[in-house]
Amino acid sequence: EHLMKRGALRTLFTLTLLLGLAAAAMAQDNPWCSTARVAGVWGYTKTGTLYLPNGTAAPFGSVGTFTLDADGYAWGTLLASVAGSVAEGELDGTFTIEPDCTGSMTVGVYDPSGNLLRTISMSIVVDDKARELRALVTSLVLPNGMALPAVITGQARRLFPNPADKD
């Protein structure tokens, strides 16, 4: 009986190990989650609260488009509102996507004259077979180096189908 329990435990351990390795292999070979796979043109919205240097909370919202390329570069345009003050901007930055469908993006936001307004870092997640991205702003820094606390989330949808999509 002791040998049977040991054999059953060994079988259970081996099965658990194999299932774990299979799950890791699937995550690493996920066809939907790579920098190249999310390349394309996206439309997005971001909403939340920005805490201004004087301590007041200001509602924040933005809408725009951005392009991601297979080399990890991002650029685009936006219209943003901070406490009702609306301004146009341009985005320029970089991003990465990991095999587990998580990633990060850092973009500079510039006014139409090319002056840096803020630098934003985000944690992102790829969803819906690389047709949707979700984001959380993790850092918002002004050109003078001052970091502003923010609770801002974003959602982006692919504007045009990826030619690699089969369904």
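Bear in mind these aren't lab numbers, they're just calculated from the coordinates by the rules spelled out. In this text the structure is predicted, and so the values were computed from the model without any measurement. Every residue, glycine among them, receives a Cβ derived from its backbone with ideal geometry; neighbour counts consider all protein chains shown.
Observations, loosely collected:
- Peptides 140-153, 36-49 ordered by average Cβ neighbours within 10 Å, highest first: 36-49, 140-153
- Once the chain from residue 94 to residue 81 is taken as fully extended at 0.36 nm per residue, the excess over their C-alpha distance is 2.4 nm.
- Stretchable slack from residue 41 to residue 54, in nm (0.36 nm times residue separation minus alpha-carbon distance): 1.0 nm
- Ranked by the mean number of other Cβ atoms within 10 Å of their residues, highest first, the peptides 65-72, 120-127, 109-116 fall in the order 120-127, 65-72, 109-116.
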